[in-house]
1. Tell me which of these V172 doesn't satisfy, since it passes every other one: (1) touching a strand residue (DSSP E or B) at 6+ places or on another chain (Cβ under 6 Å); (2) closer than 24 Å to Q190 by Cβ; (3) surrounded by fewer than 12 Cβ atoms within 10 Å (Cβ to Cβ).
2. Note down all Cβ pairs under 7 Å where the first residue falls in segment 115-142 and is modelled with pLDDT under 75, the second is in a loop (DSSP other than H, G, I, E, B) and surrounded by 11 or more Cβ atoms within 10 Å (Cβ to Cβ), and they're at least six residues apart or on different chains.
3. V185 versus (1) aliphatic (A, V, I, L, M); (2) under 17 Å from P75 (Cβ atoms); (3) touching a Ser or Thr at 6+ places or on another chain (Cβ under 8 Å): which is the lone unmet condition?
4. Taking the conditions exactly as written (of a type outside the set (G, A, S), modelled with pLDDT under 85, surrounded by 15 or more Cβ atoms within 10 Å (Cβ to Cβ) and within 29 Å of the chain's Cα centre (by Cα)), does M150 satisfy them or not?
5. If only one of T173, T137 is β-branched (V, I, T) and over 18 Å from M60 (Cβ atoms), which one is it?
6. Touching a strand residue (DSSP E or B) at 6+ places or on another chain (Cβ under 7 Å) and either under 16 Å from N175 (Cα atoms) or not in a loop (DSSP other than H, G, I, E, B) (or both), is that true of T52?
7. Pairs please, first residue from segment 91-108 and in a loop (DSSP other than H, G, I, E, B) and at pLDDT 90 or above, second anywhere and surrounded by 14 or more Cβ atoms within 10 Å (Cβ to Cβ) and polar (S, T, N, Q), Cβ atoms under 7 Å, 6+ apart in sequence or on different chains.
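The values are calculated or read from the model by the stated rules, or taken from the named source; none is laboratory data. Treat the numbers as computed from the prediction; the structure is a model and nothing was measured. Ideal geometry is used to build each Cβ from the backbone, glycine not excepted, and the neighbour counts take in all protein chains shown.
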Amino acid sequence: MNKQRMMRGAGLMAAVAGGLFFAGCVTTTKDVDPTQRNTMSTNFSVDDFQQTVDTMVDSMLEFPPVKELTAQRRPMLVVNKVANNTSQYIDLEAMTNSIRTRLIRSGKFRFQDRTNDAALANELGYQKQSGMVNPTTQGQFRKQVGAEFMLYGSISEMSQHAGRTTDVAYMVTMNLRDIQTGEIVWTDEQKCRKVQTKPVFGM
């Protein structure tokens, strides 16, 4: 009986071990609260991305001279792509689009989008020259409204290493410039610092 029990126990342990092994090989997926910060590395993360967009837009909209500019009208604004001065890939086109989206939804500005100017010129040329479009509905060249302000910025990185510790600091700077006068109407910066210490053993 003892021998049978031992064999059954060994079989049960083997089954449990096998189950744990296969469970460890299965990919799992779960929903994550987008407002919950999750720092997994020293890279500029999705959380940093969203916090930067929110902070910059709020800062600009609450700046007294900007509030005065938008109190009675909606100035025309063009948003340039944020420049990446770091050593890593960051989807700054997505960040630029998020900034523009939040500003549009604020109802404080009108916008010009320069990213599709070539396609727009082709479409206007087609409407005018193809003979396929009703002349009364054709778009016209030289009818665009000029932008009054330009929003642009950059993200830079400074890092240092000491033994198993890596210290990385990011700084995002944004500027709102009056195109006619060249004046910087608003500027702000958002800083983010991350420190990572690797274990003595392992990766």
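1. So V172 meets the others, but not (3).
2. L124/G139
3. Every listed condition holds for V185 apart from (3).
4. On the way: of a type outside the set (G, A, S): yes; modelled with pLDDT under 85: no; surrounded by 15 or more Cβ atoms within 10 Å (Cβ to Cβ): yes; within 29 Å of the chain's Cα centre (by Cα): yes.
No.
5. Numbers: T173 fails: over 18 Å from M60 (Cβ atoms).
After ruling out the rest, the residue left standing is T137.
6. Working: touching a strand residue (DSSP E or B) at 6+ places or on another chain (Cβ under 7 Å): yes; either under 16 Å from N175 (Cα atoms) or not in a loop (DSSP other than H, G, I, E, B) (or both): yes.
Answer is yes for this residue.
7. K108/T70
Residues checked against (1) modelled with pLDDT of 70 or more; (2) of a type in the set (V, I, T):
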{"position": "L12", "(1), (2)": "no, no"}
{"position": "F22", "(1), (2)": "no, no"}
{"position": "T28", "(1), (2)": "no, yes"}
{"position": "D31", "(1), (2)": "no, no"}
{"position": "M40", "(1), (2)": "no, no"}
{"position": "F44", "(1), (2)": "yes, no"}
{"position": "Q51", "(1), (2)": "yes, no"}
{"position": "A71", "(1), (2)": "yes, no"}
